[in-house]
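These notes are about the structure you will find just below.
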Amino acid sequence: MAKLSRKQAKEIIATCLAQHPNATSSEMCKALGVSKQRAYQLLILVRGPDTPLTARDLLILRYVAMGNTNKEIGEALNLDEHTIKNQASVILAKLNANNRAHAVA
């Protein structure tokens, strides 16, 4: 899915919610045709950059600030490298940051 504006994300989610008002998160993802991670990113985009960082977000951000790669962070936290990559993209969205350096600045 291409990068969306906040307005576009709101329209997509509103349409999907109108069509599937009682859908579970998994059903919503299927209806949107996106992964749970991408759906979460869309929700962050809709909510705006004020979405708070979780404890895990902060922990990963600390590792990023120390210059660790996704693979190194994954090994340290016993998580898959792809999980770290996805979580890092969520963190960037929450912080409205363009890249990892911007996120830790």
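The values are calculated or read from the model by the stated rules, or taken from the named source; none is laboratory data. Keep in mind that what you see is a predicted model, and the values were worked out from it rather than measured. Backbone-built Cβ (ideal geometry, glycine too); neighbour counts: all protein chains shown.
Of the residues making up region 74-105, those that are at pLDDT 90 or above, loosely packed, with under 14 Cβ neighbours inside 10 Å and not in a helix (DSSP H, G or I) are N78, D80. Would you please list the contacts, defined by Cβ atoms under 6 Å and residues six or more apart or on different chains, that run from a residue in region 76-105 that is over 15 Å from A65 (Cα atoms) and without any contact (Cβ under 8 Å) to a residue 40 or more places away in the chain to a residue that is outside any loop (DSSP other than H, G, I, E, B) and small (G, A, S)? The qualifying pairs are D80/G74; E81/G74.
Only one residue in K71, K7, K36 is modelled with pLDDT of 90 or more and surrounded by fewer than 17 Cβ atoms within 10 Å (Cβ to Cβ). Which one?
On the way: K7 fails: modelled with pLDDT of 90 or more; K36 fails: modelled with pLDDT of 90 or more.
So the residue among K71, K7, K36 that is modelled with pLDDT of 90 or more and surrounded by fewer than 17 Cβ atoms within 10 Å (Cβ to Cβ) is K71.
Residues that are modelled with pLDDT of 85 or more and surrounded by fewer than 16 Cβ atoms within 10 Å (Cβ to Cβ): does region 39-47 have at least one?
No, there is no match, as no residue in region 39-47 is modelled with pLDDT of 85 or more and surrounded by fewer than 16 Cβ atoms within 10 Å (Cβ to Cβ).
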